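Step one of this worksheet: look at the structure below.
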Amino acid sequence: MHHYGNKIIDESRQGEALMLESEGHKKLYIESYGCQMNFSDSEIVASILAGEGYSTTKNPEDADLVLLNTCSIREKAEQTVRNRLSHLQYLKKTKPDVKIGVLGCMAERIKDKLLDEEKLVDLVVGPDAYRDLPELLKEVNDGRKAVNVILSKEETYGDINPVRLGGNGISAFISIMRGCDNMCTFCVVPFTRGRERSRNPQSIIEEAVQLQDAGYKEITLLGQNVDSYLWYGGGLKKDFAKASEIARASAVRFAELLRRVAEAVPGMRIRFSTSNPQDMTADVLHTIAEYPNICKYIHLPVQSGSSRILKAMNRGHTREQYMELIEKIRSIIPDCGLSHDMIAGFPGETEEDHQDTLSLMEFVKYDFGYMFKYSERPGTYAARHLRDDVPDEVKTRRLNEIIDLQQKHSLFRNQQYIGKTVEVLVEGTSRKSEDHWFGRTTQNTVVVFPKEQAKPGDRVWVTVEYCTSATLLGKLASLSC
Ligand code: SAM
């Protein structure tokens, strides 16, 4: 993946070992790959296994159980995990009893291969089966291989309080829905994570309040398609029409959830990800504008600027409709930060389609973006019906043009802040300098400034003095917001 600017799929965190310092007689080592949902799921897994006496370790050699929470979104992600699994086999030489398992999106796709053919793992557990882990571990410890990749209609892990792993104690994720029904023709998510279902809003609010009480300052509401959030008492979104009249009348949608969360934790910043253009409604935009604690930032993947390709991707909107949505966002939330996901070289993409992508980017001038080469995923509509016919060197060239343009736009957007004083939530020490803090503006732009009296968790005002395309640099103007 290539991104410019801020991070959603954080390359530097891929394969990060998440860890919780606590006492427990068995040791769990868990590595996470892919999107924020996966990192959030690992916290649910750690919570379930804490109930079984596992504490986490940062060292795989100390572990009794080694788990990789995997990603299938592109071929490269799967290859990384396979290489890692092969490498981890050395653990069995010195500690034959250690168990190795695969969680997450690769589970369903390659369970047979991993378990039987290559014999790389003892345990394979899909994203909806984590509650079954204690039972599956018993089977494994009795010397059997254990698998559960069943996708659920109801599972949202709503009642499980995730243990917060590897975080900064300031920002945390709250998962609000699972699965995806959008069936974009390139995307493996509906197959690996199942159909869309939403979590009880009450349990979301309780989790937000607990995080606030624990001193957290920012939450990100997570889902593959948050604008499609729909709570009507539980169950799949696609079964909503079959629900009782009263259940349908009292349903909670995303705008209402945002409003309730914003009011429940007024001192916290609220973010959300990911939005799908076709499901984003004006009431969500008005809610963002209305509540000062909801961040003025929308990650709005578009994937292509060509209506022809958008149709082939089954994105449910045209280039013009997306542009109208951008204009609506700018009129309702004038200072809104915007980012995108873009795919270069989808089957059938011509030079003209690619130019449409560049001109759409020129129209929006996104603050940052996440940019990928198309990767054919087995089982998707595109893999079954469309030929992956854009040569790799053409995909690479188009991707580079997209990245170069994004870099230009990121710099342009950041330059608009020079001389202005912006509100920053301080997250920690800058990666490049011990003497500087880094934090983010409401638009999700990274700001770096000399530490002085500020500390992590503070919301401060920083006057921006200069910038790069990735970062605003400035000095502290005032300590309290
Ligand atoms: N639900 C979001 C959406 O589609 O709007 C994000 C889902 S996905 C986890 C994150 C991004 O990965 C997508 O927005 C898309 O740009 C990229 N992606 C998904 N499938 C891909 C594929 N087959 N090849 C290349 N990139 C892909």
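In units of the compact-protein estimate 2.2 N^0.38 Å, segment 405-464 shows a Cα radius of gyration of 1.13. Projecting label points 7 angstrom from Cα along Cα→Cβ for residue 475 and residue 321 puts them 5.1 nm apart.
Our Cα-only numbers for the chain put the radius of gyration and Dmax at 22.3, 65 Å. In a reduced charge model with +1 at each Lys and Arg Cβ and -1 at each Asp and Glu Cβ, the chain shows a dipole moment near 140 debye about its Cα centre. Among the GluC sites (Glu not before Pro) found in segment 197-270, not one is both in a DSSP coil and sparsely packed, with 14 or fewer other Cβ atoms within 10 Å of its Cβ. As a calculated quantity, the FRET efficiency between residue 291 and residue 145 at R0 = 45 Å, using C-beta atoms, amounts to about 0.35. When a/c is below 1.5 the answer is rounded, else prolate if a/b is larger than b/c, else oblate, so apply that to segment 17-116 with a ≥ b ≥ c taken from the square roots of the Cα gyration tensor eigenvalues. Oblate is the answer for segment 17-116, as a/c is 1.5 or above yet b/c matches or exceeds a/b. Other residues within the sphere of radius under 12 Å centred on the Cβ of residue 255, judged by their own Cβ, net out at -2 (K and R +1, D and E -1).
Loop-located GluC sites (Glu not before Pro) in segment 388-481 (DSSP state other than H, G, I, E, B) with a sparse environment of at most 14 neighbouring Cβ atoms within 10 Å: 434, 452. Evaluating 6.51 cos²θ - 1.76 cosθ + 1.60 at θ = phi - 60° for every residue in segment 240-253, the Karplus couplings come out as 3, 4, 8, 6, 5, 4, 5, 5, 5, 5, 9, 5, 10, 9 Hz, glycine and proline recorded as x. Ellipticity at 222 nm from helices only: DSSP H runs of n ≥ 4 in the chain, each -39500 (n - 2.57), divided by the residue count, give -9500 deg cm²/dmol.
Start at zero, step by 10 Å, and the Cα-Cα distances of segment 367-481 spread as 13, 34, 21, 16, 13, 4 percent across the bins. Ranked for footprinting exposure by Cβ neighbours inside 10 Å, fewest first, 178, 459 give 459, 178. If each Cα of segment 290-397 is one equal point scatterer, what is log10 of I(q)/I(0) from the Debye formula at q = 0.16, 0.19, 0.22 Å⁻¹? The computed values of log10 I(q)/I(0) come out as -0.74, -0.97, -1.20. Taking Cα centre as origin and charging only the Cβ of basic (Lys, Arg, +1) and acidic (Asp, Glu, -1) residues, the dipole magnitude of segment 179-333 rounds to 460 debye.
Remark: for residue pairs 217/420; 27/76; 92/138; 76/145; 26/138, the C-alpha separation exceeds 22 Å in 217/420; 27/76; 76/145. Applying both filters, DSSP loop and at most 15 other Cβ atoms within 10 Å, to the trypsin sites (Lys or Arg not before Pro) of segment 49-95 gives 58. Its relative contact order, with pairs defined as Cα atoms under 8 Å and 6+ residues apart, puts the chain at 12 percent.
Summary value for segment 402-454: 23 percent relative contact order, contacts being C-alpha pairs under 8 angstrom separated by 6+ residues. Once the C-beta distance of residue 87 and residue 248 is scaled by a Förster radius of 35 Å, the resulting FRET efficiency is 0.10 to the nearest 0.05. Rg over Rh for segment 116-265 works out to 1.02, using Cα positions for both radii and the Kirkwood form for Rh. The fewest-to-most ranking of 411, 222 by surrounding Cβ atoms within 10 Å reads 411, 222. Report, in whole Å, the centroid distance computed from the Cα atoms of segment 49-66 and segment 98-146. That distance is 16 Å.
Every read-out reported here was derived from the displayed coordinates using simple, explicitly stated rules and does not represent laboratory data. Not measured: the values here are computed from a predicted model. Neighbour counts are summed over all protein chains in view; Cβ atoms, including those assigned to glycine, are modelled from backbone coordinates with ideal geometry.
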